Amino acid sequence: SHCQMSGICDRITGHCLCQVGWKTDTCDSQCDGHKFGQNCSKKCGHCLEKEACHHVNGSCLNGCDLGYHGANCTQECPWGWYGYNCNETCPCKSNVTCNSRTGICILVRELSGSTNTPPTDNVPIIAGAVAALVIVIAVIVSIIVFKRLRTRVPKKDQPKQRRRDKSEMEENLYLNNDAAKQGFTNIYENTEPKDKPAAKRTTTPTSSTAKKYDVKDDDEDEEGIENPYGDMYLNEETILDIPISELENVIAEKKKNEEDGFKREYAMLPHGEQYQCDAGKSPNNFAKNRFKTTFPYDHSRVILRGSGEASSDYINANFISSTDSENQYIASQGPKQNTLNDFWTMIWQENVSQIVMLTNLKEGVKIKCTHYWPEEKRATLYGNIVIKNVEEKQYAFYIIRKLTVSLKEQNKSRVVTQYHYTTWPDHGTPDPLSLVVFHSHVMRTMTNRNKSPILVHCSAGIGRTGTYIALDALYKAGKASGKINVAEYVKIMRANRMNMVQTYEQYMTIFLALNEEFKAAVETRSLPEFTERAQSLAGDRPANQTVIRKEFEKLMKTRPEYTATDYNMSRQHFADKKGHTILPLDKYSLYLTSSVAKRGNYINAIHVSSYQQNRAFIVTHYPTPEDAVDFLRLLNDHESDTVICMNPLHEIQSSKTWLPEVASSKDVPPFVVEHESESDTGVKVTTVNIIHGKETYHPVTVVEPKGPLKSNGTTKDTSCLRNLVSYALKLGADTPITIVSKDGASMCGVFCAVFNSIQQITMDDNIDVFTTVRQLQTRRPEFCSTQEEYLLVYRALWDYIETTSESVYCNQ
């Protein structure tokens with residue numbers, strides 16, 4: 001089952017050549033005995049507590065033993081570092097290193113520590129001892145330097161240093177406005193870094209239980225498996241351009257055999273240190289690096305100007321070329337506390353107007369980046385540069401911040417926009433369509449049209465950063481030429497900065513995101529443009545709705561096609577149950593966390609995002625009488641305070657098992673549901689308390705329409721739908737709203753699409769129904785899957801805009 005050529009073996013014996021990490025004649029056993037790789041021929045490194053390594057790539061899953069680092073824990077700690085994963089800096093003086101396991105300073109002891117003066121006849125002995133020690137240290141230093149020179153990767157011809165013309169940097173200036181006019185409170189917070197060690201001590205050298213996940217600050221930059229084939233690299237081959245029209249077919253082919261096409265292509269890319277990095281390795285600059293093995297190439301690094309001191313011109317960042325132009329991007333590590341001033345100096349010097357940030361400040365227990373901007377409506381001083389946070393907008397997957405950057409005591413200021421993608425999973429890849437929507441927002445809000453570069457950073461500035469830059473550069477190239485070449489462009493990036501695009505999964509994400517963006521680009525419309533488009537719905541004849549009908553056909557063609565594998569868990573749980581015609585995708589499924597006797601933890605429910613909030617909604621179907629207890633558990637476990645029904649509940653007989661009548665209660669063991677209150681305005685609102693035990697209760701509001709949400713043959717009224725959406729919008733809830741329909745899809749997608757579109761109108765004064773519904777369909781393809789429902793979204797939004805416009809006009 002793990003033959004190198006999938007499904008191909010000797011038809012009599014079953015023998016075959018094994019995949020990496022497998023052994024025996026029939027390849028049915030993983031490597032063991034601390035071995036890994038092809039034919040289990042390689043020994044594991046120094047894993048923590050002598051644990052076995054990963055059978056395929058040799059990585060140590062819980063980190064390295066004392067004195068070693070690297071993905072496979074085969075590298076001894078570099079000079080000046082010790083401890084678990086080499087995370088500790090030696091406490092030695094006089095540039096002396098320490099024992100890589102214990103941290104004890106070696107060879108030299110301070111002779112001045114004693115208060116007693118040694119006898120004069122001991123002086124020759126001490127002098128001789130000191131001289132001997134000096135000679136030993138010199139020999140050790142020589143050996144280390146010699147080893148580094150021998151193991152250094154041969155340098156290729158280095159491209160010439162690329163600098164931009166100063167005239168380009170003089171653009172995008174405007175006079176600094178009075179700070180008082182911009183509503184800022186208390187002036188500056190000075191962020192001059194205090195004197196502190198280059199790295200924090202986070203573990204105790206003598207601890208035998210410290211693991212990799214104990215590390216809370218700078219660590220090896222590990223987004224995943226660098227090479228899916230371990231240390232076996234394939235010979236480099238020329239990769240042909242891919243026509244945009246063939247991209248989807250190419251992706252399908254590369255995904256076969258557990259994505260082997262992507263793995264093999266990625267493994268052929270040049271990796272590691274290809275050019276000189278002397279500036280980054282300089283002792284004066286080493287503390288400015290976030291990671292111990294990620295340095296900028298000398299030939300393409302950003303050189304800070306101004307002071308004239310060699311040590312102050314350094315920042316861990318490189319210029320990156322696009323497919324046809326130099327210096328279109330700056331790829332940078334995330335700022336550290338001791339590089340904050342340098343980071344903003346670089347932004348001012350290179351006239352940067354857009355920052356793309358692809359990491360959170362902290363992910364899990366690891367610090368990924370230092371907070372380098374002030375809170376909203378506040379200002380902070382970084383060196384001689386003042387940063388003001390003018391505005392923040394929170395979206396479901398990212399935040400956009402508008403910052404003004406000014407030179408202190410000068411009448412010059414610029415606007416810099418930061419696009420902060422907040423939902424890139426740690427050790428994973430983002431949803432391709434969500435990344436496309438983010439990328440589109442960056443592109444369409446670009447204000448600085450000159451040649452200044454876009455600054456992109458994550459933590460190390462190579463993995464996520466390379467993924468985003470490749471998406472941007474290749475999308476623009478593909479639009480211009482009709483073809484792309486991902487592999488060749490990654491080579492271009494890696495010639496400018498080491499190891500750009502860090503895993504084969506990130507490499508594959510570039511293909512997937514490009515395919516989503518080429519299939520159907522994000523196209524926002526102004527409200528007048530949308531109204532003109534939607535006016536065709538006013539006519540009764542189908543011909544009047546041709547434009548929107550064609551848009552729906554395109555939507556169905558771009559809708560994701562999931563396989564049975566994507567529904568494995570749900571198929572197992574609901575195989576024998578009736579009423580589950582629409583199943584949840586495994587990756588978006590919700591689970592119940594509370595325990596009830598003879599009930600499992602699985603439920604047919606998913607999380608769905610709004611325009612502003614990730615996981616804003618829970619979508620499910622009306623529970624059967626026997627599953628009512630799980631529905632109540634869902635509301636309790638996920639702290640949902642509001643249930644919005646897509647039907648009047650008098651039409652749903654099963655609701656009587658959990659929703660009590662006025663002044664009564666329902667027993668749904670172990671819960672009791674008590675009726676609290678009821679109101680009837682634009683919608684019917686019932687408040688109940690879900691009681692568990694003597695003291696635990698959870699108030700929940702159940703909202704239902706006063707009539708059918710779908711238009712019938714004689715009326716086009718959308719007021720019932722709009723009343724439901726309006727009620728939900730006014731909640732401003734931080735907890736998820738539960739949306740319920742007969743099958744968990746019909747009208748749920750319509751409700752979410754109208755809700756999200758109104759949020760988009762309110763936030764950005766534009767609208768894109770197609771992309772809104774397309775995003776919903778990634779969670780549940782059955783959302784808005786009929787032409788009738790898609791047209792209903794348009795009609796409800798048109799009515800909303802018309803009604804809102806009339807209201808605004810009347811109030812003027």
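Can you list which of the trypsin sites (Lys or Arg not before Pro) found in the range 1-44 are DSSP loop residues with at most 10 other C-beta atoms within 10 Å?
On the way: sites: 11, 23, 35, 42, 43; in loops: 11.
Answer by residue number: 11.
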Self-check item: Too-long pairs where the Cα-Cα distance tops 31 Å, listed order kept, from 254/587; 393/519; 368/393; 23/366
Solution: 23/366
Quiz item: How high is the FRET efficiency from residue 363 to residue 685, r the C-beta distance, R0 51 Å, rounded to 0.05?
Solution: 0.80
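For the range 525-805, calculate the relative contact order in percent as a whole number, restricting contacts to Cα pairs under 8 Å that are 6 or more residues apart. Could you put the intermediate results ahead of the total?
On the way: 465 pairs, mean separation 61.9, N = 281.
Relative CO of the range 525-805 lands at 22 percent.
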Practice problem: Using only Cα atoms, locate the centre of the range 435-482 and the centre of the range 1-79, then give the distance between them in Å, rounded to an integer. | Solution: 37
Quiz item: Quick one: net charge of residue 356's neighbours, Cβ under 10 Å, K/R +1, D/E -1?
Solution: 0
Exercise. Any of 388/412; 362/408; 377/412 with alpha carbons more than 21 Å apart? Name them for me.
Key: 362/408
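Given +1 on the Cβ of Lys and Arg, -1 on the Cβ of Asp and Glu, and no further charges, what dipole in debye does the range 224-519 carry about its Cα centre, rounded to the nearest 20? Could you put the intermediate results ahead of the total?
Numbers: 35 positive and 34 negative charges, 248 e Å.
The dipole of the range 224-519 has a size of about 1200 debye.
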Quiz item: What list of ³J(HN,Hα) values in whole Hz, one per residue of the range 643-655 in order, does the Karplus curve 6.51 cos²θ - 1.76 cosθ + 1.60 (θ = phi - 60°) give from phi, with Gly and Pro shown as x?
Solution: 10, 10, 9, 8, 9, x, 6, 5, 7, 10, 4, 5, 5
Quiz prompt | Whole-angstrom gap from the range 578-623 to the range 327-366, using each part's C-alpha centre | solution = 38
Quiz prompt | Inter-centroid distance (Cα atoms) of the range 386-415 relative to the range 636-705, Å | solution = 46
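Quick note: the coordinates plus some simple rules give every number you see, no bench work behind them. On a predicted model such as this, the values are computed, not experimentally measured, just so you know. Neighbour counts are summed over all protein chains in view; Cβ atoms, including those assigned to glycine, are modelled from backbone coordinates with ideal geometry.
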